[in-house]
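Structure, as structure tokens:
The values are calculated or read from the model by the stated rules, or taken from the named source; none is laboratory data. Note that this is a predicted model, so its numbers are computed, not measured. For neighbour counting, all protein chains shown are included, and Cβ atoms are generated from backbone atoms with ideal geometry for every residue, glycine included.
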Amino acid sequence: MSTYTAKSELTMIELPAIAPPRWTQEQAVAFEAARECLGHVIAICVASIADEETKASPDAERLAELETELAALTAKRRELKLTDAEGVAQVRAFYGAQVRSYREQRQPAAA
């Protein structure tokens with residue numbers, strides 16, 4: 001039977017200083033909430049496009065408006081910056097209200 005003895009030497013290494021975070025947890029949460037709002041509004045817009053396209057006589061002008069709106073929403077989501085607190089707050093307020101309104105209109109009436 002052989003015996004293995006591990007020889008290990010612990011050496012201290014100097015770690016580089018950790019940079020402070022570039023944003024706070026609150027900023028990250030607000031940013032993700034703003035992106036979620038935009039994602040919901042994008043989904044609503046896509047559903048509106050699908051509804052229009054399935055009509056017997058789709059309204060080409062309405063479809064063009066919806067496609068333009070969809071492009072603007074996706075651009076806004078892509079361009080939103082985590083460190084832009086004012087922009088994030090505006091997105092959450094404006095588009096959050098749209099999402100709430102959309103949901104309220106589609107909830108079944110309480111009995």
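Scanning region 74-92 for residues that are over 12 Å from Ala34 (Cβ atoms) and modelled with pLDDT of 95 or more, we see that the one that is surrounded by the most Cβ atoms within 10 Å (Cβ to Cβ) is Thr74. Has region 51-71 got any residue that is assigned to a helix (DSSP H, G or I) and under 13 Å from the mean Cα position of the chain (by Cα)? No; the residues of region 51-71 include none that is assigned to a helix (DSSP H, G or I) and under 13 Å from the mean Cα position of the chain (by Cα).
So which of Ala97, Ala93 ends up being assigned to a helix (DSSP H, G or I), closer than 15 Å to Ile44 by Cβ and without any contact (Cβ under 8 Å) to a residue 12 or more places away in the chain? Please lay out each step first, then the result.
Values: Ala93 fails: closer than 15 Å to Ile44 by Cβ.
It is Ala97.
It is to be established whether one or more residues within region 95-104 are surrounded by 10 or more Cβ atoms within 10 Å (Cβ to Cβ) and among the charged types (D, E, K, R).
Yes, region 95-104 contains at least one residue that is surrounded by 10 or more Cβ atoms within 10 Å (Cβ to Cβ) and among the charged types (D, E, K, R).
Would you confirm whether or not region 18-26 contains a residue that is aliphatic (A, V, I, L, M) and surrounded by 12 or more Cβ atoms within 10 Å (Cβ to Cβ)? No, the conditions are met nowhere in region 18-26. If I filter region 27-46 for residues that are surrounded by 10 or more Cβ atoms within 10 Å (Cβ to Cβ) and over 25 Å from Tyr102 (Cβ atoms), do I get at least one hit? Yes, some residue in region 27-46 is surrounded by 10 or more Cβ atoms within 10 Å (Cβ to Cβ) and over 25 Å from Tyr102 (Cβ atoms).
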